[in-house]
Amino acid sequence: MTRTILRIFSFGVLIISLNWVVTAQEKSVNPGINDTFKNPNLNKFLKTFEGESREIYAFRNEIVKACKIKPGMTVADIGSGTGLFTRLFAKTVGPKGKVYAVDISPTFLEHVKKSAKEANLTQIETVLSKQTGPELPKESVDLIFICDTYHHFEFPQRTLEILHSTLKPEGRIVLIDFHRIEGKTSPKMMKHVRAGQEVFEREIIESGFKKTGEEKLLKENYFVRFVKLSKKS
């Protein structure tokens with residue numbers, strides 16, 4: 001009788017836990033953060049994303065080099081925006097490689113498609129992503145590049161699950177995002193970015209990845225590498 005009660009209790013706890021996980025996954029961690037991209041002003045964002053005043057743009061060549069991309073590789077540029085790194089990656093992987101430009105904005109993707117055609121970068125493929133993540137072939141990507149985009153993930157747990165399945169065995173993630181440090185980071189950025197480096201790293205590690213290194217290239221941003229583990233621990 002006691003064992004039966006314990007089993008019923010344990011089963012009830014399990015159901016409650018599963019319901020909590022499902023609810024947590026379905027709730028946005030930062031509602032409305034991507035509203036700007038529903039109908040973006042392309043010219044405005046071109047100046048923002050590809051302007052000399054942006055640290056990421058100024059160090060774009062150093063960033064690409066630090067990603068250690070080889071010819072023939074497949075790269076997914078998550079949150080590709082206006083396609084700055086998508087085009088640079090395409091030149092690096094060469095004609096036998098592939099670059100997925102992934103974004104939630106059709107406006108940005110149309111621009112990427114147009115600029116890729118003009119530059120004859122046929123290895124670029126645009127992918128319209130859902131808020132929960134892109135639909136890409138499983139185990140098809142060597143490197144996932146997430147630059148100033150992770151803090152825009154509304155459903156990070158679900159997105160990371162999708163990205164984990166998208167990567168080939170021992171595939172890599174490069175994460176670049178803004179520092180968020182009390183007393184150093186501007187109040188505007190503190191409000192915009194929901195958490196700091198330690199939190200984002202923990203979320204990625206808990207989703208089946210291992211941190212393998214960090215580059216000290218940037219001041220406003222951090223650059224961290226992860227590798228996919230064969231099984232989630």
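The values are calculated or read from the model by the stated rules, or taken from the named source; none is laboratory data. Predicted model, so just to flag it, every value in this text is computed and none were measured. Cβ: placed from backbone, ideal geometry, glycine included. Neighbour counts: every protein chain shown.
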Determine, yes or no, whether Phe49 is assigned by TED's automatic domain parsing to the domain that holds Tyr222, within 24 Å of Val141 (Cβ to Cβ) and modelled with pLDDT under 90.
-> no
Restricting segment 157-209 to residues that are polar (S, T, N, Q) and touching a residue at least 60 places away in the same chain (Cβ under 8 Å), which is farthest from Ser129 (Cα to Cα)?
-> Gln157
Residue tally, condition surrounded by fewer than 17 Cβ atoms within 10 Å (Cβ to Cβ) and assigned to a loop (DSSP other than H, G, I, E, B), over segment 85-109 | 3
Read through the list (1) part of a loop (DSSP other than H, G, I, E, B); (2) closer than 18 Å to Asn30 by Cα, then give the number of the only condition that Thr185 fails.
-> (2)
Counting only residues that are within 30 Å of Glu170 (Cα to Cα), give me the helices (runs of 4 or more DSSP H) lying completely in segment 29-84 with at least 2 of them.
-> 55-58, 60-66
Go through segment 110-150 and count every residue that is part of a strand (DSSP E or B), surrounded by 15 or more Cβ atoms within 10 Å (Cβ to Cβ) and free of Cβ contacts under 8 Å to residues at least 60 places away in the same chain.
-> 5
Selection from segment 186-200 of residues under 20 Å from His164 (Cα atoms) and out of contact with any Leu (no Cβ under 8 Å at 6 or more places or on another chain) yields Gln197, Glu198, Val199
Mind checking which residues of segment 188-233 are in a helix (DSSP H, G or I) and either charged (D, E, K, R) or closer than 21 Å to Gln157 by Cβ (or both)?
-> Lys188, Lys191, His192, Gln197, Glu198, Val199, Phe200, Glu201, Arg202, Glu203, Ile204, Ile205
Cβ pairs under 8 Å, 6+ apart, first in segment 72-87 and of a type in the set (Ser, Thr, Tyr), second in a loop (DSSP other than H, G, I, E, B) | Thr74/Gly97; Thr74/Ser140; Thr82/Glu50; Thr86/Ser80
When segment 110-133 is examined, which residues are found to be modelled with pLDDT under 95 and either more than 18 Å from Val75 (Cβ to Cβ) or in contact with a strand residue (DSSP E or B) (Cβ under 7 Å, 6 or more places away or on another chain) (or both)?
-> Lys130, Gln131, Thr132
Criterion (closer than 14 Å to Ile144 by Cα and assigned to a helix (DSSP H, G or I)) met by exactly one of Leu175, Leu160 | Leu160
